[in-house]
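Here the structure is laid out as structure tokens; the discussion comes afterwards.
The values are calculated or read from the model by the stated rules, or taken from the named source; none is laboratory data. All values derive from a computational prediction rather than experimental measurement. Please note: Cβ atoms are built from the backbone with ideal geometry, for glycine as well, and neighbour counts cover all protein chains shown. To get the accessible areas, we keep the full protein, side chains included, count just its heavy atoms, and leave off ligands, DNA and RNA. Shrake-Rupley method; radii C 1.70, N 1.55, O 1.52, S 1.80 Å.
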Amino acid sequence: MKGEQHIAQPATEKLTIVPLTADRYEEWDRFCLESPDAWFWQTTKWLEYSLHYRPELQSRSVSFMCLSESSPVAVCPLIVETRIRDTGSNNEFSFGGDAGPSPALAANLSERMRKEVLQRIFAFIDELAGKLKVARSIFRMSPLATSFWKASIPQPNPFLSFGFSDISLSTQVIDLLPDESQLLREMRKGHRADITRGNRLLQTTILNKQTISPEAFERYRLLHQKAAGRVTRPRVTFEMTQAWIESGLAILAVANLEGRDVGFALVTVYKDGAYYGSSCEDPEFNHLPIGHVMQWRILQWLKENGFRRYEIGIQVHASQPHTIVSGKEVKIAFFKRGFGGVAVPLWRAEKFYDVSYCFAVLQERNQQYSATVLEPAQA
């Protein structure tokens, strides 16, 4: 653009790779704050959470920075995990068994420099895959990154340029610029009615860094366990989540019925975006519109505090060859769509490095997907 300042464009051979170590965490997170490609998923906070999320995967970080001269021009969160299948164990580049966040580049790089940096990054990932005997890598790009919205025309999956195969989904994002009355009008009629009914019965508040307490967070953790019927993840991940709230990186919505907490919803907040992470409701009161009133209070709070977009979650309508979904997941997606917003691409991609592993994974998917196909009734 005219008048825009670009970072100098060194030759590719001057780009160097530096592993992420604990002493670079602060520098890494500062970089993420400035990068238009980065959202919370690229930060060390999410990296540490993912490393502890599923202990059975033996997750270990091989994240790295890309430097030009001595200045970082990109960060690449990367975790190697071990998956156990019927055919044996295999290493993957993934985050908690799912797609890892995309690399994030410095602001104001020229298009030519961006291309060179990305080529260097993905070439290094391929090299690491060989050294670590990684059979597959899987990445995703967040629509909450500011760079996602800057293109003037629709864009293709950016990972395909680096030898990846497309396994994209879609996700629902709510624009928070309209006023509250417009946000309500854009909701499904039934959702509006449930919000009105729920507000007569429930009190809903937002706990943030100023109002969170250890006691309130413990009530959330215990209800999470009660609603799931089991402990779903390690205690340390809850401790991390509490720290996010205390440092302003998350909020916790609470629905209260006559002095009793009957629902919680956790939302991650970073830059001008927010992401609906999870919720839990007391099964004794699941006849009440708890989720509806919590989501409405979340939308109000986000708007009051200057956030621009709220990603409420993945949208699925039916199974795809690369993603098998349950009826419950389809219903959850339908519930989320009821709050308005638009479905946007959730770019995801994978690359296989092992022929036998590729065959085994694709064969399993084909068997699962073919079982969902409904043949037309015979005349």
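Over 28 Å between C-alpha atoms is what I'm after, so list which of Lys45/Lys226; Lys115/Lys209; Lys150/Lys331; Lys14/Lys271 land there. Can you show the working numbers first?
Values: Lys45/Lys226 26 Å; Lys115/Lys209 39 Å; Lys150/Lys331 32 Å; Lys14/Lys271 31 Å.
In this structure, Lys115/Lys209; Lys150/Lys331; Lys14/Lys271 lie more than 28 Å apart at Cα.
Amide H contacts of Phe95: Gly100, each under 5 Å away and 5 or more positions distant or on a separate chain (H built 1.01 Å from N in the peptide plane; Pro and chain starts excluded).
The string of couplings for region 100-116 from the Karplus curve (6.51, -1.76, 1.60, θ = phi - 60°) is x, x, 5, x, 10, 10, 5, 5, 6, 6, 5, 4, 5, 5, 4, 4, 5 Hz, one whole number per residue in order, with x for Gly and Pro.
Cβ neighbours within 10 Å, averaged per peptide: list 347-358, 135-146 in order, most packed at the top. Before the final figure, lay out each step's value.
On the way: 347-358: 18.4, 135-146: 22.0.
Averaged packing, sorted descending, gives the order 135-146, 347-358.
When the accessible area of region 87-129 is computed with all protein chains present and a 1.4 Å probe, what percentage of it is carbon and sulfur? Whole-percent figure for carbon plus sulfur exposure: 45. Dipole orientation for region 288-379: of the candidates Pro289, Ala360, Leu346, Pro289 has the Cα lying most toward the positive pole (charges on Cβ; Lys, Arg +1; Asp, Glu -1). Under a GNM of the chain (C-alpha, springs under 10 Å), which listed residue has the highest mean-square fluctuation: Thr232, Thr16, Thr268? The residue that fluctuates most here is Thr232.
With the simple spin-label model, which puts each label point 7 Å out from Cα in the Cβ direction, the Arg260 to Val330 separation comes to 3.5 nm. In this structure the amide hydrogen of Thr43, modeled in the peptide plane, comes within under 5 Å of no amide hydrogen from residues 5 or more places off or on another chain.
Summing Cβ point charges (Lys, Arg +1; Asp, Glu -1) relative to the Cα centre of the chain gives a dipole of roughly 600 debye. Given Cα pairs under 8 Å that are at least 6 residues apart, what percent is the relative contact order of the chain? RCO, the chain: 19 percent.
Viscosity 0.692 mPa s, temperature 37 °C: give me the Stokes-Einstein translational D for region 59-177 in µm²/s, with Rh taken as the Kirkwood radius over C-alpha pairs. Don't skip to the end; give the middle numbers.
Working: Rh = 15.9 Å.
Taking Rh from Cα pairs, D becomes 206 µm²/s.
For region 56-106, the dipole from Cβ point charges (+1 on Lys and Arg, -1 on Asp and Glu) about the Cα centre works out to 40 debye, to the nearest 20.
Sparsely packed loop sites in region 16-79 (the trypsin sites (Lys or Arg not before Pro) outside DSSP H, G, I, E and B with at most 11 other Cβ atoms within 10 Å) do not occur. Length gained on full extension, Glu180 to Asn108: 22.4 nm, using 0.36 nm per residue less the C-alpha separation. Between region 206-245 and region 119-135, the alpha-carbon centres lie 37 Å apart.
How much of the accessible area of region 274-316, in percent, comes from carbon and sulfur atoms when a 1.4 Å probe is used?
Values: 640 of 1500 Å².
Of the solvent-accessible surface of region 274-316, carbon and sulfur hold 43 percent.
Rg and Dmax over the alpha-carbon atoms of the chain stand at 21.9, 71 Å. Could you please state, rounded to a whole Å, how far the C-alpha centre of region 16-44 is from the C-alpha centre of region 147-165? What the calculation gives is 22 Å, centre to centre.
Annotation: per residue accessible area for the chain equals 49 Å², rounded to a whole number [probe 1.4 Å, protein chains only].
Between Arg197 and Val342, the distance separating the two model label sites (each 7 Å from Cα on the Cα→Cβ line) works out to 3.2 nm. Taking 0.36 nm per residue of sequence separation and subtracting the Cα-Cα distance, how much length would be gained by fully extending the chain between Glu69 and Tyr25, in nm to one decimal? That works out to 13.9 nm of additional length.
In nm², what is the average projected area of the convex hull enclosing the Cα atoms of region 225-265? Mind dumping the intermediate values first?
On the way: hull surface 13.7 nm².
Quarter of the Cα hull surface area: 3.4 nm².
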